[in-house]
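Scroll down for the structure; my scribbles are underneath it.
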């Protein structure tokens, strides 16, 4: 029995390695592919399809009366390279199960390879054991997707880099949304600073590398007078900050807080208010994933944040907001949604043609994102 199980595992690994080899086509040689979308990020997927000038694949992603996912493909994918765009955003478990079943559906339909484009990777914050007898959910989700048959993963600003190592067979490309955010900030926001100095602020020590890359990208677009600062927070419980210290000079500067996500916005708004109290001229935020859980929009509307730049990795629902309310003010006056569709499109083209994806990790000095489109 043990030899049989080992043989089965070896066979599965061989199939995955063969499929991954299919993805490694010669540079410049495109292969046939089809693009599909789950229900979580359909608007983003449509933008990508429009830029690629390809139709979105036909797939029904409905629900049965008891809440079960109902997946049905509406076209042939046999021997086709398939790309699926689906964030595992709230409702996280529904989105994840839908992605899992879609991958299985493509596998059963004899797709040649399956690339999962997961702009927002749910469970990413559970990347280690913080107490006894708990799962490492970020790793377990990776195991689930690989077991389903994912050949390659593409994501944006994973909460922690080690998630790439949780995938044992499928290569993972972790793109950075600041490639899109920085040109928007340079063209739309920095001109309002009137040549006054700028400080890029990391919300914690773990985000210093991200903030440093962001600062270097601004410098590559000829933004002068940039410095780096770090906030040191003392938490009483999750989402609540008891006290905050600053490492670096922020007085008399415009500050941009750089992070991977906004959840309830409690920490972000507290940090912004503290920076203003310490002498910052203004405080903005640039965060990839806009979860906006619970009172997040209301908090942003009531806070001293001037601008909040986010991506469209997660849909922002604006319906039902009372005009003039703090949440309405946040959505209409403070929040800038900068699409990551062009970045994902460039990544799909690079994978499809066998060219380097790493060229998408930086911002070119000619004041525009670097895309081989």
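The table below gives the values:
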item: Share, in percent, of DSSP beta bridges within segment 173-307 that are antiparallel, nearest 5; result: 30 percent
item: Beta bridges by DSSP in the chain, antiparallel share as percent, to the nearest 5; result: 25 percent
item: Candidates 209, 347, 40: whichever shows maximal mean-square fluctuation once the chain is modelled as a Gaussian network with Cα springs under 10 Å; result: 209
item: Fewest-first sequence of 342, 152, 128 by Cβ atoms within 10 Å of each Cβ; result: 128, 342, 152
item: Rounded to 10°, Cα long-axis angle of helix 42-52 versus longest principal axis of the chain; result: 80 degrees
item: Burial ranking of peptide ranges 132-139, 101-108, 60-67 (average Cβ count within 10 Å, highest at the top); result: 101-108, 132-139, 60-67
item: Packing-based exposure ordering (other Cβ within 10 Å, fewest first) of 151, 50, 260, 94; result: 50, 94, 260, 151
item: Förster radius 30 Å - calculated FRET efficiency between residue 129 and residue 205 (Cβ-Cβ, nearest 0.05); result: 0.90
item: Nearest 10 degrees, 0 to 90: helix 92-108 Cα axis against the chain principal axis; result: 30 degrees
item: Choice from 356, 303, 95 with maximal GNM fluctuation in the chain (Cα, 10 Å cutoff); result: 356
item: Added length on full extension, which subtracts the Cα-Cα distance from 0.36 nm per residue, residue 46 to residue 333; result: 100.7 nm
item: Cα centroid separation, segment 270-331 to segment 185-199 (Å); result: 19 Å
item: DSSP-defined antiparallel bridges as percent of all bridges, segment 61-190, nearest 5; result: 20 percent
item: Fewest-first ranking of 246, 232, 117, using other Cβ atoms within 10 Å as the exposure measure; result: 232, 246, 117
item: Over the chain: helical MRE at 222 nm, DSSP H runs n ≥ 4 each giving -39500 (n - 2.57), nearest 500; result: -10000 deg cm²/dmol
item: Per-peptide average of other Cβ atoms within 10 Å, ordering 159-168, 176-185 highest first; result: 176-185, 159-168
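Every number in this text was worked out from the coordinates using simple rules, so none of it is lab data. If you're wondering where the values come from, they're calculated on a predicted model, not measured in any experiment. Ideal geometry is used to build each Cβ from the backbone, glycine not excepted, and the neighbour counts take in all protein chains shown.
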